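Peer 1: Pasting a structure here, questions to come.
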2 protein chains.
Amino acid sequence: MIDPSLIESLKSLVEPGKVLTDASSLEAYGKDWTKQFPPAPSAIVFPKTIEEVQAIVRWANAHQVALVPSGGRTGLSAAAVAANGEVVVSFDYMNRILDFNEFDRTVLCQAGVVTEQLQNFAEEKGLYYPVDFASAGSSQIGGNIGTNAGGIKVIRYGMTRNWVAGLKVVTGAGEILELNKDLVKNATGYDLRQLFIGAEGTLGFVVEASMRLERTPKNLTAMVLGTPDLEAIMPVLHAFQGRIDLTAFEFFSDKALAKVLARGDVPPAFETDCPYYALLEFEASSEAVTEAALELFEYCMEQGWVLDGVMSQSEQQLQNLWKLREYISETISHWTPYKNDISVTIAKVPAFLKEIDAIVGEQYPDFEIVWFGHIGDGNLHLNILKPDAMPKEEFFAKCATVNKWVFETVQKYNGSISAEHGVGMTKRDYLGYSRSAEEIAVMKAIKAVFDPKGIMNPGKIFA
Amino acid sequence: MIDPSLIESLKSLVEPGKVLTDASSLEAYGKDWTKQFPPAPSAIVFPKTIEEVQAIVRWANAHQVALVPSGGRTGLSAAAVAANGEVVVSFDYMNRILDFNEFDRTVLCQAGVVTEQLQNFAEEKGLYYPVDFASAGSSQIGGNIGTNAGGIKVIRYGMTRNWVAGLKVVTGAGEILELNKDLVKNATGYDLRQLFIGAEGTLGFVVEASMRLERTPKNLTAMVLGTPDLEAIMPVLHAFQGRIDLTAFEFFSDKALAKVLARGDVPPAFETDCPYYALLEFEASSEAVTEAALELFEYCMEQGWVLDGVMSQSEQQLQNLWKLREYISETISHWTPYKNDISVTIAKVPAFLKEIDAIVGEQYPDFEIVWFGHIGDGNLHLNILKPDAMPKEEFFAKCATVNKWVFETVQKYNGSISAEHGVGMTKRDYLGYSRSAEEIAVMKAIKAVFDPKGIMNPGKIFA
């Protein structure tokens, strides 16, 4: 905990009432969606302007106080957890959309703008902000940028990185940098904007971001296809991508589907039982696209890659097919699942998944493994359900061993130990499975350039 | 010039005959397409493997020898010019495509693979490499990455940056880094790959790159539309982008068109004279798209934004419409043009262009200004033609003054002094018009992280 007199000097930098130190605020603002590290911040500060953020960072430099950025607190890697007496800088009061440029299709957002707020703003303008995920109702743009948030439309639209036209940041040294100025083409040296995207607040704070919007997709249509095995999903993806621009290509296993269907509130896609299912989505912008999709479906059936399938004929059917995939996470939460968010290149998915299945199945035959994820971009969500009879402690102890196997397998397959959730504190000690010692040394040196006193979210990404 | 005994030790690092010091090789490999700085390298070395590149970099570190990377030597900013006794590292013998992954649609290229070689390889695989520009027949992938090459399809496909799935680099410190490993989703700390893209070889050498391919576009169709003024191009762009995914949106002035038509080998698009023309292209993947394009055309006519227009009905007509735009550069080269490659945000293009026109027109009323460029991404090519009667020296002296006005206007409009050609040596001294002193200081510190001895392409981007 920092000295109380410092808290007083911090208060002088912001509006009255914008520094909180009560227990419930410290608890609420000191954590994200992870539960591994108990929150223990010294204070929460709520700046309202860029100048106030800069003053806070300069104050932290002067007094060697660690700062933790805080957005919607929906992170899944404990990157926004203050567990060591840090001062939390919340962007809740920097939540305004400042400007809209219709020809560039850019929206200037303060860091605390909520994802859904941007999505709704885009809709009002007849446009579309395509980065979407479960926490869109509370996550903030600053946090999305800090973690380079992904989600369910990455195969078509890419990660948050693709939608950042420009950034205004306050570096760890307290300097304000305006990065890229919303230009599409700008070949004037290193693109520093890219460094701040995915940096989890370790280099500085994003205070404003100019986000690009896109044409609204037309007549989105989904197919669910059942495959005889996981390998068959690959040629199906390949065949569809060759003719149609997919907006999503998700997969889930029969076990995942069974859990969702057991709820009783979602109709099955079709009757045929299959070990794996692909959910793909595209814009049926004309009859020709729909016809192409049906031709591809028949072709995949003929090849034996698909056993059965269905295509949505209405908005309601589209929603129902998506529920088969989207309800998985919530449904299996009942079993206190061990979860891991990992990725490999797309072609390696079947072999990688089988290897993990085999290791876990051999060592812990009573564990039920539920796979689902964004197969179109190689991002797998591994979920191991706790056997009902097994005490939590025993389950988590065994999962610690699973962790090691998973990361060793990730390393063997040249994959990523964190596909889209970030490193934070939860995966900090495993970073070496995905990044070399030389890379980590370089990253630390780059951090020192922007944050010479090491006050920006210390202990996140690397120790 | 470096010591002759050093050249001998350099020779021991590569295959026999792979170090050249003869005058014609020094002349040929010491330069790019710019002519401002006379080439004066000490030697040219041709590595064939990553290990040889690493050995050369370590040798350069040991002996404090400056290295200049050399690809297709088609650069337009003198970033690949060796004017100060440097050793040129040519990637001409690292020109193989090493691997293809059909499900990830990635191609593993050595740095010296020529752009067109990659484009042709993609075509053989039924796929498409979408970054395309005039020098595709000689430019190399390593150089494309070093400059983050753009071109004519950026509005749809983005810059080279978007197509780099993974990089293998040798840093200035002589370390080999494997960056991103071809993953779509990888949230494990700073994306160092992004730093090397557009770094003009100042941080290290790209030795291998995994490049993504895309579905081949179908039935590309172009429209040329004449507008009553420059402002009208903006709502036209806006209207089309709202309904159709454009693959290109170019513009040119009546003066540019007149020069091309005067050649006599390209038919005019239509008879109506207009001050500005837009060339837009899209995939006419179905009747519905073509109908939408025609509806939009009629709507733009009704609004008074378009005076006349034409849509290609065949591949031949598509080619002919593109010639109106693509022949400009070659056609005006007859007038020894002063050229500048600049960008602003799209909405600012009309005001920015008019301001430059006014300044130049007022000060030098005998100068003819020819504008064209990629208006869909804010990238303008400013060309001032030398009056026939004016001696070259006088013209270039006056253009130096123009340079200053242009960059001051760029700064005022928050634009970029180099949209897609890079900084190199030609724009090094003007970098401050686009990047702040704080940004430049940070860039230099980042360079020092990767290249502590300052041997990688010194004097490029910044002094």
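The values are calculated or read from the model by the stated rules, or taken from the named source; none is laboratory data. None of these values were measured; they are calculated from a predicted model. Positions of Cβ are backbone-derived with ideal geometry, glycine not excepted, and every protein chain shown enters the neighbour counts.
Peer 1: Take residue A:147 and tell me if it is within 15 Å of residue A:69 (Cβ to Cβ), surrounded by fewer than 24 Cβ atoms within 10 Å (Cβ to Cβ), of a type in the set (Val, Ile, Thr) and not assigned by TED's automatic domain parsing to the domain that holds residue A:50.
Peer 2: Criteria not met by residue A:147.
Peer 1: Determine which member of the set B:200, B:123 is more than 16 Å from the chain's Cα centre (by Cα) and of a type in the set (Asp, Glu).
Peer 2: Criteria check complete, one pass: B:123.
Peer 1: Report the residue count in the stretch A:406-433 for those that are in contact with a Leu (Cβ under 8 Å, 6 or more places away or on another chain) and part of a helix (DSSP H, G or I).
Peer 2: Matching residues across the stretch A:406-433 total 1.
Peer 1: Follow-up question, since we're still on this one. I'd like the full set of residues that are more than 14 Å from chain A (Cβ to nearest Cβ), within 23 Å of residue B:315 (Cα to Cα) and surrounded by 16 or more Cβ atoms within 10 Å (Cβ to Cβ), limited to the stretch B:262-282.
Peer 2: Matches in the stretch B:262-282: B:266, B:269, B:277, B:279, B:280, B:281.
Peer 1: Another one. In the stretch A:153-180, what residues are more than 9 Å from chain B (Cβ to nearest Cβ), under 22 Å from residue A:247 (Cβ atoms) and out of contact with any Lys or Arg (no Cβ under 8 Å at 6 or more places or on another chain)?
Peer 2: Result: A:153, A:156, A:157, A:160.
Peer 1: Something else: Could you give me the residue pairs with C-beta distances under 7 Å whose first residue belongs to the stretch B:247-262 and is assigned by TED's automatic domain parsing to the domain that holds residue B:237, whose second residue is of a type in the set (S, T, N, Q) wherever it lies, and which are 6+ apart or on separate chains?
Peer 2: So the pair list comes out as B:259/B:331; B:260/B:331.
Peer 1: Right, another one. How many residues, within the stretch A:132-144, are touching a strand residue (DSSP E or B) at 6+ places or on another chain (Cβ under 9 Å), surrounded by fewer than 22 Cβ atoms within 10 Å (Cβ to Cβ) and either among the hydrophobic types (A, V, I, L, M, F, W, C) or assigned to a helix (DSSP H, G or I) (or both)?
Peer 2: 1
Peer 1: For residues that are assigned to a helix (DSSP H, G or I) and without any contact (Cβ under 8 Å) to a residue 60 or more places away in the chain, scanning just the stretch B:160-207, find the one that is surrounded by the fewest Cβ atoms within 10 Å (Cβ to Cβ).
Peer 2: The residue in question is B:162.
Peer 1: In addition: Here are some conditions: (1) within 12 Å of chain A (Cβ to nearest Cβ); (2) crowded, with 24+ Cβ neighbours inside 10 Å. Residue B:112 meets all but one. Which one does it not meet?
Peer 2: So residue B:112 meets the others, but not (1).
Peer 1: Let me ask you something else. Working only within the stretch A:91-109, note down all residues that are crowded, with 19+ Cβ neighbours inside 10 Å and among the β-branched types (Val, Ile, Thr).
Peer 2: A:106, A:107
Peer 1: Let me ask something else. Condition (residue is over 23 Å from residue A:228 (Cβ atoms), outside the structural domain of residue A:374 (by TED's automatic domain parsing), out of contact with any Ser or Thr (no Cβ under 9 Å at 6 or more places or on another chain) and modelled with pLDDT of 95 or more) applied to the stretch A:275-291: is it met by at least one residue?
Peer 2: yes
Peer 1: Right, next: For the stretch B:115-131, how many residues are touching a helix residue (DSSP H, G or I) at 6+ places or on another chain (Cβ under 9 Å) and crowded, with 18+ Cβ neighbours inside 10 Å?
Peer 2: Qualifying residue count for the region: 7.
Peer 1: Report, ordered by the first and then the second residue, all pairs with beta carbons closer than 7 Å, sequence separation of six or more or different chains, a first member in the stretch B:314-325 that is within 10 Å of residue B:220 (Cα to Cα), and a second member that is assigned to a helix (DSSP H, G or I) and modelled with pLDDT under 95.
Peer 2: none
Peer 1: Which of the residues belonging to the stretch A:216-241 are of a type in the set (Ser, Thr, Tyr) and closer than 14 Å to residue A:252 by Cβ?
Peer 2: A:227, the sole residue that qualifies.
Peer 1: Return only the number of the condition from (1) more than 13 Å from residue A:325 (Cα to Cα); (2) at pLDDT 95 or above; (3) not β-branched (Val, Ile, Thr) that residue A:234 does not satisfy.
Peer 2: (2)
Peer 1: When the stretch A:1-22 is examined, which residues are found to be of a type outside the set (Ser, Thr, Tyr), more than 25 Å from residue A:77 (Cβ to Cβ) and free of Cβ contacts under 8 Å to residues at least 40 places away in the same chain?
Peer 2: A:3, A:4, A:7, A:8, A:11, A:15, A:16, A:17, A:19, A:22
Peer 1: Which of the residues that make up the stretch B:247-260 are within 14 Å of chain A (Cβ to nearest Cβ) and either in contact with a Pro (Cβ under 8 Å, 6 or more places away or on another chain) or surrounded by fewer than 20 Cβ atoms within 10 Å (Cβ to Cβ) (or both)?
Peer 2: Across the stretch B:247-260, the qualifying residue is only B:247.
Peer 1: Among what's in the stretch A:356-411 and is without any contact (Cβ under 8 Å) to a residue 24 or more places away in the chain and within 25 Å of the chain's Cα centre (by Cα), pick the residue that is nearest to the other protein chains (Cβ to nearest Cβ).
Peer 2: Going through the qualifying residues, I end up with A:411.
Peer 1: Here is a further query. Looking for whichever is under 15 Å from residue A:196 (Cα atoms), aliphatic (A, V, I, L, M) and outside the structural domain of residue A:237 (by TED's automatic domain parsing) here; the options are A:170, A:131. Which one fits?
Peer 2: A:170
Peer 1: Further question: If I ask for residues that are more than 7 Å from chain B (Cβ to nearest Cβ), farther than 25 Å from residue A:38 by Cα and crowded, with 17+ Cβ neighbours inside 10 Å, which ones from the stretch A:416-439 would you list?
Peer 2: Of everything in the stretch A:416-439, just one residue is more than 7 Å from chain B (Cβ to nearest Cβ), farther than 25 Å from residue A:38 by Cα and crowded, with 17+ Cβ neighbours inside 10 Å, namely A:433.
Peer 1: Out of all the residues in the stretch A:440-449, which are in contact with a Gly (Cβ under 8 Å, 6 or more places away or on another chain) and at the interface with chain B (Cβ under 7 Å from one of its Cβ atoms)?
Peer 2: A:443
Peer 1: Here's a follow-up. Those residues that are under 22 Å from residue A:225 (Cβ atoms) and either among the hydroxyl-bearing types (Ser, Thr, Tyr) or in contact with a helix residue (DSSP H, G or I) (Cβ under 7 Å, 6 or more places away or on another chain) (or both), I need them from the stretch A:351-381; list them, please.
Peer 2: Result: A:352, A:369, A:370, A:371, A:372, A:374, A:375, A:376, A:377, A:378, A:380.
Peer 1: Then there is this: Listed residues A:218, A:181, A:185, A:168; which is closer than 26 Å to residue A:122 by Cα and modelled with pLDDT under 95?
Peer 2: Only one candidate passes the filter, namely A:218.
Peer 1: Out of the residues in the stretch A:196-213 that are within 12 Å of another protein chain (Cβ to nearest Cβ) and of a type in the set (A, V, I, L, M), state the one that is nearest to residue A:447 (Cα to Cα).
Peer 2: Per the criteria, the residue is A:203.
Peer 1: Go through the stretch B:379-391 and give me each residue that's among the acidic types (Asp, Glu) and either crowded, with 17+ Cβ neighbours inside 10 Å or touching a Ser or Thr at 6+ places or on another chain (Cβ under 6 Å) (or both).
Peer 2: Selection gives nothing.
Peer 1: Return yes or no: is residue B:97 hydrophobic (A, V, I, L, M, F, W, C), more than 14 Å from every other protein chain (Cβ to nearest Cβ) and in contact with a Cys (Cβ under 8 Å, 6 or more places away or on another chain)?
Peer 2: Yes; evaluated as a whole, the condition is true for this residue.
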